[in-house]
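Participant: My questions will all concern the structure given below.
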Amino acid sequence: MTLPPGPEGHPAGAAAQVLRRVFGYESFRSGQQEIIEHVVDGGDALVLMPTGGGKSLCYQIPALVRPGTGVVVSPLIALMQDQVDALRALGVRAGFLNSSQDLEQRRTVEAAFLAGELDLLYLAPERLRVEATLRLLDRGTIALFAIDEAHCVAQWGHDFRPDYLMLSMLHERWPGVPRVALTATATPETHKEITSRLGLADAYHHVADFDRPNIQYRIAPKKEPKAQLLHLLRTEHPGDAGIVYCLSRASVEKIAEFLAGQGIAALPYHAGLDNRVRAENQARFLREDGIVMVATIAFGMGIDKPDVRFVAHLDLPKSVEGYYQETGRAGRDGLRSTAWLAYGLQDVVQQRRLIDASPGDAAHRRRLGTHLDAMLALCETVECRRVGLLAYFGQRGSAACGNCDTCLEPPQSWDGTVAAQKLLSTVLRLDRERHQRFGAGHVVDILLGRSTPKVAQHRHETLTVFGVGEDLRELEWRGVVRQLLAQGLLAVQGEHGTLALTEASADVLRGTRTVALRREPERVARSSARPGGGDASAGAGRARRATPVDLPAQAAPVFEKLRAWRGATAKEQGVPAYVIFHDATLREIATRMPTGLADLATISGVGENKLAKYGEQLLAVLTGSAEPVEPD
Ligand code: ADP
Ligand code: ZN
């Protein structure tokens, strides 16, 4: 892009001008200006910003201001086309090189790069292993290197990619080219590891506020997960786009089928699906409104669809980092969104078992255990979830948020010491029958004094603990087991999930340690929807659905008209709807009802290119002559 010299010659002026003219935004978001100026001046930067924080501009604007091409290293091959389309819609000259292209397509992009006709070039990290790529880069002018999803370089993190390790080479080979590394997920440990692996100790570090205030965090006891999920979708998110995460491919298939059977536009996504089907499902999720993607965690990184209204987890994530990144895909546009997780005893047992069975050395398993413990602590906390999440990312001392389940319905804690003693002594007695294996179900049966066939077979009705737990219901006992597991006062062993004592159990049995437990909020028991039938319980819950766009009444029909126009335009061009305009931009147009092009140009998200391309059409939609016959 050739920019006429700005009124001011200094970089900030040029950057601000690009922000306005190309992107159509009035002002920088917090942090952006400092980062951009630093990189424009040739300095390195490490940017830690939550999803939706505005990381892309931090390298796109410097790439446009500095001479040469900004080279963006990104692991997300499947999304490069969309990223490039979105930039081209803004009038930015962008291209990508990856394995999805044939030789001729690659040649065209390479030629454009060498001719200095590209502002941005996206590359998969594995391209940099190829000597020919390095030589190509040598022959062009590089404005900067952007290392997207920089947490992939960290082994401590949850998304390690070996190809990222060699990115330290960029600085050695091109010492004069500034680098900007960006990620939305980094604990202090990961931050440290990125810094050392990429040699960014002297870089400008920007650690943003990681809070996502528009996301409501909720963690519910898992009872009938399918019915609970359906209830959530029907009562709070009808017609909304969202992601449902499951641990296994089989459950992805099962849940997608179940939702589709309930009339919800749900699609499956997992690594076992045919490539073509997977790409098609992803494309539909991005392009169409209101698709629910049921997926394994293989789905979502780099998906910059701004209007994902909910992220639901039906299985426990392995780490808080993973959880925060996955839930962070909701509400990039800043509008109200839900992060909902259903979590139960079986999740703890299963995750512990997976860790025991995982390949790798003891240190690796210990690391996995630490990650899981942090996730469990978040699930079992009686404090504000957000405070816990932010503290995990090194942001301490924030106030209770008022927008998470524990803030909205504070759970009570109760003294579970006696209950824990009953349970632990049952486990202790069963443990004496060395060669036997008894899981949580059997232990609870004994506590409740149930004469099951298994109880009879092992003569467990003769144990002194038989029936001592009749003061609690089965569900409550399962909660006790789960929480003791989470607190490390109980362990599971072997593939049968046999319960076993830990070193810390002894203190509880001896009475030298008390146990505080979380009481499950009662009301969730009512949350099961009727599969198949109409949803009579809709609206019964306290959490009410936010108006989709929080618009004044008279603006709502205009917004819908604009959306329909956008849908048709996007389809015609084969790009996602948000590439044309974001919801937020359409919303502002519907509210302000601009009457002319100059007026329209002042709306956030309407840059020069889009104004020229769509301005007249938008005004036509507003005046009701949406399909003008031969305008002018
Ligand atoms: P991230 O990569 O950090 O998740 P993005 O770069 O995708 O975030 O930005 C999130 C959204 O915010 C995008 O729609 C982007 O266009 C918008 N945005 C970024 N910076 C600004 C700004 N200064 N003013 C208005 N909108 C912005
Ligand atoms: Zn809270």
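Participant: How large is the dipole of the range 553-623 about the Cα centre if only Lys and Arg carry +1 and Asp and Glu carry -1, each at its Cβ, rounded to the nearest 20 debye? Kindly include the intermediate steps, with their values, before the conclusion.
Facilitator: Values: 8 positive and 7 negative charges, 29 e Å.
The calculated dipole for the range 553-623 is roughly 140 debye.
Participant: Reachable lysines from Lys222, Cα under 22 Å, same-chain residues fewer than 8 places away excluded?
Facilitator: Excluding near neighbours in sequence, the set is Lys254, Lys318.
Participant: State the Cα centre-to-centre distance between the range 303-346 and the range 82-124 in whole Å.
Facilitator: Going from one Cα centre to the other spans 32 Å.
Participant: Turning to a different aspect of this structure: Taking all protein chains in place and a 1.4 Å probe, what share, in percent, of the accessible surface of the chain do carbon and sulfur account for?
Facilitator: That fraction is 51 percent.
Participant: Over the chain, average the accessible area per residue using a 1.4 Å probe and give it in Å², no decimals. Write down the numbers at each step before the final one.
Facilitator: Working: 27400 Å² over 632 residues.
Result: 43 Å² per residue.
Participant: Please calculate the 1.4 Å probe accessible area of Lys254, with all protein chains present, and give it to the nearest 10 Å².
Facilitator: 120
Participant: Taking 2.2 N^0.38 Å as the expected size of a compact globular protein, what ratio does the Cα radius of gyration of the range 253-293 give against it, to two decimals?
Facilitator: Values: Rg = 10.0 Å, N = 41, 2.2 N^0.38 = 9.0 Å.
Ratio of Cα Rg to 2.2 N^0.38 Å: 1.10.
Participant: What is the magnitude of the charge dipole of the range 2-114 about its Cα centre, with +1 placed on the Cβ of each Lys and Arg, -1 on the Cβ of each Asp and Glu, and no other charges, expressed in debye to the nearest 20? Walk me through the numbers before you get to the answer.
Facilitator: Details: 9 positive and 11 negative charges, 36 e Å.
It works out to roughly 180 debye.
Participant: Assign unit charges at the C-beta atoms only (+1 for Lys and Arg, -1 for Asp and Glu), then state the dipole size of the chain relative to its Cα centre in Debye, rounded to the nearest 20. Please report the intermediate quantities before stating the final value.
Facilitator: Details: 73 positive and 75 negative charges, 331 e Å.
Approximately 1600 debye in magnitude.
Participant: Using a Cα-Cα cut-off of under 18 Å, which aspartates and glutamates could be cross-linked to Lys226, ignoring same-chain neighbours fewer than 8 residues away?
Facilitator: Glu236, Asp240, Glu253, Glu257, Asp315, Asp347, Asp535
Participant: On the principal axes of its Cα set, how long, how wide and how thick is the chain? Give whole Å, largest value first.
Facilitator: Computed over the chain, the largest-to-smallest principal extents equal 90, 58, 46 Å.
Participant: Give a quick list of GluC sites (Glu not before Pro) in the range 407-495 that DSSP marks as loop, anything other than H, G, I, E or B, with at most 10 other Cβ atoms within 10 Å. Mind showing how you got there, number by number?
Facilitator: Working: sites: Glu433, Glu461, Glu470, Glu474, Glu476, Glu495; in loops: Glu433, Glu470, Glu495.
Sites meeting the loop and neighbour criteria: Glu470, Glu495.
Participant: Let me ask you something else. Could you tell me what fraction of 2.2 N^0.38 Å the Cα radius of gyration of the range 11-207 comes to, as a two-decimal ratio?
Facilitator: Against the empirical 2.2 N^0.38 Å value, I get 0.95 for the range 11-207.
Participant: For a quick protection proxy, order the peptides 568-574, 262-268, 585-591 by their average other-Cβ count within 10 Å, most packed first.
Facilitator: Values: 568-574: 13.6, 262-268: 18.9, 585-591: 22.3.
Ranked by mean Cβ neighbours within 10 Å, highest first: 585-591, 262-268, 568-574.
Participant: Setting aside same-chain residues fewer than 8 positions from Lys610, which lysines have a Cα under 20 Å from its Cα?
Facilitator: In chain and number order, the partners are Lys305, Lys561, Lys571.
Participant: What list of ³J(HN,Hα) couplings, whole Hz, do you get for the range 214-227 from phi and the Karplus terms 6.51, -1.76, 1.60, once you set θ to phi - 60° and write x for glycine and proline?
Facilitator: 7, 9, 8, 8, 9, 10, 10, x, 7, 10, 10, x, 5, 5
Participant: So, one more: For the chain, what is the mean residue ellipticity at 222 nm derived from helices alone (per DSSP H run of n ≥ 4: -39500 (n - 2.57); sum divided by total residues; nearest 500 deg cm²/dmol)?
Facilitator: Working: 26 runs with 270 residues, N = 632.
The per-residue figure over the chain is -12500 deg cm²/dmol.
Participant: Something else: Leaving ligands, DNA and RNA out of it, rank Ile297, Ile147 by accessible area with a 1.4 Å probe, largest first. Could you put the intermediate results ahead of the total?
Facilitator: On the way: Ile297 105, Ile147 0 Å².
Listed by decreasing accessible area, they come as Ile297, Ile147.
Participant: If Lys and Arg each add +1 and Asp and Glu each add -1, what is the summed charge of the other residues whose beta carbon sits under 9 Å from the beta carbon of Leu345?
Facilitator: Working: positive: Lys222, Arg478, Arg482; negative: Asp347.
With Lys, Arg at +1 and Asp, Glu at -1, the net is +2.
The values are calculated or read from the model by the stated rules, or taken from the named source; none is laboratory data. Note that the structure is predicted; figures quoted are calculated from it, not measured. In this analysis, Cβ positions are derived from the backbone assuming ideal geometry, glycine residues included, and neighbour counts consider all displayed protein chains. When the accessible area is computed, the model is the full protein with side chains, heavy atoms only, and any ligands, DNA or RNA have been set aside. Shrake-Rupley method; radii C 1.70, N 1.55, O 1.52, S 1.80 Å.
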